[in-house]
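These notes are about the structure you will find just below.
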Amino acid sequence: MNPQNRSDKPTFFIVAGEASGDLHGAKLISAIKNKSPQSRFVGHGGDKMTEAGLERIIHIDRLAIVGFSEVIKHLPFMFKVMNDSLVKIQELSPDRIILIDYPGFNLRLAKNCQSLKIPITYFILPQLWAWKEKRINTFRNYIDQSLSIFPFEQDWFESRGVYANYIGHPFSEIEPPKTTKEHFYSKHKLQESDTTLVLLPGSRQQEIDRHWPICWKTVERLRQQKPDLKVIIGKAGGVEIPNNLDGATIEDKEVRAAMAFGTAALTASGTATLECAALDIPEVVFYKLSRISALIANKLNKSPFAAMVNLIAGREVVREFLQNDATEKNLSAALHPLLETSKERNAVLSGYEEVRRSLGVPGVYDRAAETILKRTNHG
């Protein structure tokens, strides 16, 4: 309990720094408001969190920075965001701070808030089991409540002295597309017999800029074997896709419809890889960092896989190609059998079933909201 805050309604300072965090944050805000309608939320997020009731300070479009060298370039801005956040937290004196993923900023914010004696919840825990394990000390010292979404994650944190409440994964209750298959096909001029590749190049402009050339070279190579291949690009909000689309179409309203109704996907490593598994579209995963960032990542990363699907399964369910291995030759060769009936396609779909069983039962956001409110003033 924060004795400074005597308002009749619980107040939360909440931070998400990228598109996936914005989605989770919006669902969490709605779940908390369902249980505590007077709750107030102030902090950093995107359009979805704002629609859910966030009094937004900084939009995620300005916070989504990828890679080590890229972060260094933006340090002056991030220092200002940190300082402004601390000033706002002191002024607001919230009952609780809620941090969603985005560890580079959020863990520093938690540390800087120590003197304020405000309890802190971390939802969507950073992947310390993959790299930067020493950050576990920050959890021990500054995080009041840790909410885990992966079963293996709970064991990892608790074996290092941090209690992590496993609440299940949000994709155990993933919403189906709002549009019908017929409407989606009509919109993109598709036939039932068409073979459709969905490109998911990333949710940040830096990712698009780095990934687009390899994505399109992969399409061109596949079209040498499949001239009638249809291509749909899943576009995140706040990013620009190059104009040389050569017959491809963009889906920016219902990207999940593209995942649900497409034949196969080429997916940049991230939340979308697990989203594809939840919606049952076979995929090949890839990712490219800048050369400097890749060198640093190779030294720090302890995880055997990049794709969350593979991490959950503990084996390679989907093929993944990183850095120099992410070539049009490798990607097209791995995608080709997924675009038709094949043993490779069947193996991915079978692996997805295993992964989905590991995600827990629906009700994740409600469980998170209840757990947070139990430990919060007014909850």
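The values are calculated or read from the model by the stated rules, or taken from the named source; none is laboratory data. Not measured: the values here are computed from a predicted model. Neighbour counts run over all protein chains shown; Cβ positions are idealised from the backbone, glycine included.
General observations
- Lys235 being out of contact with any His (no Cβ under 9 Å at 6 or more places or on another chain), under 25 Å from Leu289 (Cβ atoms), free of Cβ contacts under 8 Å to residues at least 60 places away in the same chain and of a type in the set (Lys, Arg): yes
- Among the residues of region 99-120, none is identified as more than 16 Å from Leu75 (Cα to Cα), part of a helix (DSSP H, G or I) and touching a residue at least 40 places away in the same chain (Cβ under 8 Å).
- The single residue among Leu190, Leu147, Leu199, Leu222 that is assigned to a helix (DSSP H, G or I), touching a helix residue (DSSP H, G or I) at 6+ places or on another chain (Cβ under 9 Å) and at pLDDT 95 or above turns out to be Leu222.
- Any chance Ile233 is farther than 30 Å from Tyr142 by Cβ and in a strand (DSSP E or B): yes
- Any hit, region 145-157, residues being more than 30 Å from Leu373 (Cβ to Cβ) and without any contact (Cβ under 8 Å) to a residue 40 or more places away in the chain: no
- When region 184-207 is filtered for residues that are surrounded by fewer than 13 Cβ atoms within 10 Å (Cβ to Cβ) and not polar (S, T, N, Q), the ones remaining, listed by number, are Lys189, Glu192.
- Looking only at region 237-258, and only at residues there that are closer than 17 Å to Leu222 by Cβ and not aliphatic (A, V, I, L, M), the one that is surrounded by the most Cβ atoms within 10 Å (Cβ to Cβ): Thr249
- Flag if Ala130 is small (Gly, Ala, Ser) and at pLDDT 95 or above: no
- Set Glu70, Glu51, Glu55: member being out of contact with any Pro (no Cβ under 6 Å at 6 or more places or on another chain), more than 19 Å from Gly237 (Cβ to Cβ), modelled with pLDDT of 85 or more and of a type in the set (Asp, Glu): Glu55
- Count of residues meeting criterion [buried (at least 16 other Cβ atoms within 10 Å of the Cβ) and more than 13 Å from Leu274 (Cα to Cα)] in region 348-363: 1
- Residue check, Leu128 part of a strand (DSSP E or B) and within 29 Å of Arg357 (Cα to Cα): no
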